[in-house]
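Worksheet: the structure to be examined is printed underneath.
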Amino acid sequence: MRVLARKEYGSRECPSCACEIPQNVNKCPICGYLFPVATPRQKRMRLWGALLMLGLIAFLYLLRYL
């Protein structure tokens, strides 16, 4: 995803110091906490996990009503 520096993305709270920072910043300017960034492999695993769960739900739904 492309992040525009001038666009307002809202804010989030730093879990380390509770400071409100913009969502498009991955390092807290106050305490230096680094927010975790998902790797491409983790993103793929989430996608496959979601697809697997949807398939399981569809299978159980069909099994119950057929």
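All of the numbers you see were taken from the coordinates with simple rules; none came from a lab. Model, not experiment: these values are computed from the prediction. Note: ideal-geometry Cβ built from the backbone for every residue, glycine included; neighbour counts use all protein chains shown.
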- line: Which residues qualify? For Arg12, with a placed amide H closer than 5 Å and at least 5 residues away or on another chain, they are Ile21, Gln23
task: Could you bin all the Cα-Cα distances of the chain into 5 Å bins starting at 0 and give me the percent of pairs in each, rounded to whole numbers?
output: 3, 14, 14, 13, 13, 12, 9, 8, 7, 5, 2, 0
message: Can you give me the angle between helix 40-65 and the longest principal axis of the chain, using Cα atoms only, in degrees from 0 to 90, rounded to the nearest 10?
response: 30 degrees
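Beta carbons within 10 angstrom, averaged per residue: use that to sort the peptides 48-61, 24-37, highest first.
Numbers: 48-61: 10.0, 24-37: 12.0.
Descending mean neighbour count gives 24-37, 48-61.
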